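See below for the structure under consideration.
Read-outs: derived from the displayed coordinates by stated rules, not from any lab. A quick note: this is a predicted structure, and the numbers were derived from the prediction, not measured. Neighbour counts run over all protein chains shown; Cβ positions are idealised from the backbone, glycine included.
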Amino acid sequence: MDFQVVILAGGFSSNLVPLVSKEVPKALLPVANRPVLSYVLDLLESNNLKDLIVVVEGEDAALKVGGWISSACVDRLHVEVAAVAENIGTAGALRAIAHHLTAKDILIVSGDIVSDIPPGAVAATHRRHDAVVTVMLCAQPVSGPSESGGSSGKDKTKKPACEDIVGLDSWKQFLLYIAKGTEIKKDTRVNKSILCAAGKMELRSDLMDSHIYAFKRSVLQEVLDQKPAFRSLKQDVLPYLVRTQLRSDVSSDQNNVEENGNGKDNMQNNEVVLSQILSNASLPSFHQVYESGLDSRKTHKCCVYIADESKIFVRLNSIQAFMDVNRDVIGDANHLSGYSFSAHHNIVHPSAELGSKTTVGPHCMLGEGSQVGDKCSVKRSVIGRHCRIGSNVKIVNSVVMDHATIGDGCSIQGSVICSNAQLQERATLRDCQVEAGYIVCAGGEHKGETFARR
Amino acid sequence: MDTRRGALAVPKVRRVGFFTPTEPPPESSQRPNRSQSGPVEATTSSSPLSDSPSGNLISPVLIPPSRHHSDNLTSHAAAPVPVPGPAAFRRYLAHDRSLHVGSYNAPDSLLGTSPPSSNGEFSEDSVSLFGFQRSDSTKLSASFPNGGFDLTLAVRAPQESETIIETASASEGKKKIAEVSGKSESVTTKPQKEKEPKSLKDKTTKAERRAIQEAQRAAKAAAKGEGKRHADESVEANPGKAAKKPQPKKERPPISSSVSEKTAVAVEKEKRMDVPQTQMQYDDKSRVDKAKRRAVVEQTETKNKVELFLHLPQYERGSQLPNLSSNFFTLDTIHHAVYKVGLQHLAGDISGDNARCIAMLQAFEEAIKDYTTPPMKDLTMDLTTKINGYVSFLIECRPLSMSMGNAIRFLKNQIRKLPVNLSEPEAKASLCSDIGRFIDEKIILSDKVIVQHAVSKIRDGEVLLTYGFSCVVEMILLYAHEIGKKFRVVIVDARPNLEGKKLLRRLVSRGLDCTYTHINAISYIMREATRVFLGASSIFSNGTLYSKVGTACVAMVANAFSVPVIVCCEAYKFHERVLLDSICSNELGDPDAVANIPSFSTKAKQSKMMDNNKNLQFLNLMYDSTPSEYISMIVSDYGMIPPTSIPVIVREYRRENLLL
């Protein structure tokens, strides 16, 4: 279908410290014991997209991601891992790999998505309208990331809602305005000519940008070349294209006019009639109306695809989101995880050992080779591989990564214990994050803390 | 052969909607039973519908050779079947017959007590007309042995052969309905056949040869089995038993005739490949299920359908588009240009027959450009199957219009005619140029010709009324304005698409004097009009105009006010079918479009409630048919003609139309 897929897998996201580290780049952060990148790859594979370019920030991270990819899915997918310098932004990353891009259109997917929205829908919308850029919007999670997990929320990990404000035309096909909710303080500017041309604009704050875009390659590269200052797709390139859609200086469709020039006079005349018939037949979008109103104006279209509300979409961009994703994948959205659930709605690996009187509740996951002592209680939590958990431990709403050691009598609520971390006896954690390899002392009672080595 | 011929001669009228199942048999001439082919031939050639589709390609299995070889010699000479095939076939049967002559004559004479009017022709008709209507089985059973069918599978007991024929002809009838456009090349009249010996020669398709072979095999097997049975109990000799038997047998006809039916199905399949499938009967459960399994686009049919239009596809609009678009990457078999066109058809981005046809052809052109023949495959065959896949995809997106069907037929013909020694790039280039030529000559040039002709009919001071939006009419109006004619335009429009608005906007921007009104005001506004210009989706060979719904109303009102109605239609939209009503073939649009009125959009909840109401059905018809008596003149590439001349044009120019 002449589409190229670029996955922007990022590097070490500062939002996710201490979960990410030099050892674990963001793309490999485990969600239900699988790297988050695998969800994206699965989604693309199910859509028959097997030629992928994964862009990773930083050489080390790229090596790690590449290693994982080659071990996990070398036989199924054809993945190219490209390393780019750190902190050059998404636009910079695309600039760096521009020479790899050859297809007519490019699908850009963020690497931290857990979703079941078919990317084909975006591509189809893009093609249908012959757009320059198509953005997938999805409904803001209704329950909001903040009040998730019942007891765990309402604390300092709660981030200000960074919704996007989007302006749509009355058919919800075109994007007229986009801004980040946090950027808008008191007032904002809306392009008057666009408003006049479209007639009506619907401003919505209940939709968020899903970081899945389809770009026309020629336009994207032109913009990247012309505007070296642009760093981010979302914050620079996209608003720029939306802003300039009625006074386009990108050469979107002009090449076919040139092609016609070499034909005979009569033929050219026919071509004109032909294109006229075709354009007359379709309901003109406001772009065309605007174009026809004044000569020598060029426009381009920025389309949106609004995902169905029943679809699941989560971006892993904060610690809270990480908790949510883990909870959802083994809970409501368990078809994404690819695991088969037991009758108790949980997954306990056959090699996991459970002590006597230990209960593992629904929506739980126990990884391969983990040992849980006596009289433990695990509720709505994900426990990684080869963890050792002592007796009388209570784990609720938490994520325990591989090889963690938890001493007897610990109580963990709403926390993330990274791999190789160690909790000594009777430690009580509530809404805490423990960095990989950190040792939490015995008997301490902590709430909302981040344990990291300085 | 005789009975088959008889069936062909009958105009294809499909009865849909409400009718009494036990209809009295149409009056059929009383002819000597055996040698029918003479008179039937005569009716065939005299009938204006002689060149009705799916002529001689009917599988040879089903064609019973007549007793007198001389009778069907003529037809065989003209038939596209290779000579050795049927000859051998006939020999077989002749041989069999010589064995069992006595046996089959007995039931024949016994059943001769049935009314003589029910000869083979009638029964064939009744089956092909009411393929599903098995109620008049007694008539059938009486008629078949009578009408020379005893010769077909003489070896079998009469009831067996009858069931074969019944199922076969039933399926035949259905298929004929399904393949609306049919095979134009297979012409039944002799003179035309002689004109095109070449095209007929290369029509000995694989399917036919295989069918013949299988027929022979079947006949052999039947002969063997029959021989055994004959030795055992001599069933055939007992006519009473034979006459009684049909009733229980009828309930499971496929068992006794599995072989021949299989071949029939195979042939049918092959044939269907050739022909752009314009229509499927959606009230036929098994077929719909089969189609669903094949379908690329997942579709859910609407539950609340209007009973009269059950045979037309109607899907839930909302479910189709997301489904199709989410499969964007998984549909590898569909070329992306074709995919885009399909998407645009589905979403309604492109409307208008010319535009749809052009878009489709351009997509095909692009697909052909990107096409490479896989190894070990023939370009002609493989490309045809590819195109077939695209076409069925497009049909799933939206039923094809008649003109698109014609264009597809042209393209396939072009592919079939490719010289074998042509290299792949050459073949592709030739096909692309053919497509370009079709667009240029058949659509654009003919539009120009039509404009030239029609403008001569516009005089100063006239008030021209037009309905909806037709690109030819727009061109005419703009051109007439350009050359300085002074006239006024009345644009009549109708919900829900309001296509006239597009026309209005463009005309007004060019400075034409326009009046815009809706169709409910037609009788008032018609007083002002001096001429009515209409566009067309298709014109059938009985002169019926098939166009956007509401056109008939406009034409009739114009007729009542004695305003001349001028239809502008490119000749490639002419179709050899005959249409009597707008029920048989039509298209159902989005029912919600009728229900949702923009100004009442706030009451969306209410309409939701209405959607679930079982007692409420929405009908959004897309087309209607205008009888030819309401049309004063048709302007086409061949000049200004009365609607009665359409069959002539279709007959005389169709070949040229198809082959360019």
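Quick rundown of the values:
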| item | result |
| --- | --- |
| Of A:Lys104/A:Lys301; A:Lys172/A:Lys216; B:Lys428/B:Lys448; B:Lys386/B:Lys428, pairs whose Cα-Cα distance is over 18 Å | A:Lys172/A:Lys216; B:Lys428/B:Lys448 |
| Global geometry of region A:400-454, whether rounded, prolate or oblate, following the gyration tensor of its Cα atoms and the 1.5 cut on a/c | rounded |
| For region A:11-148: rounded, prolate or oblate by the Cα gyration tensor [a/c cutoff 1.5] | rounded |
| Neighbour-limited loop hits for trypsin sites (Lys or Arg not before Pro), region B:412-488 (at most 16 other Cβ within 10 Å; DSSP other than H, G, I, E, B) | B:Lys417, B:Arg459, B:Lys485, B:Lys486 |
| For region B:349-414, diffusion coefficient by Stokes-Einstein and Kirkwood Rh (Cα), 10 °C, 1.306 mPa s, µm²/s | 127 µm²/s |
| Peptide-level mean, for A:121-133, of C-beta atoms on other protein chains within 10 Å | 5 |
| Peptide-level mean, for B:433-446, of C-beta atoms on other protein chains within 10 Å | 2 |
| Lys pairs under 23 Å by Cα in region A:310-454, provided they are eight or more residues apart or on distinct chains | 7 |
| Inter-probe distance in nm under a simple model that places probes 7 Å from Cα toward Cβ, at B:Lys369 and A:Glu45 | 3.6 nm |
| Distance cut-off 22 Å, percentage of C-alpha pairs in region B:358-472 lying past it | 45 percent |
| Anisotropy class of region A:356-452 from Cα gyration tensor, a/c 1.5 cut | rounded |
| Rg to Rh quotient for region B:529-597, alpha carbon positions, Kirkwood Rh | 1.02 |
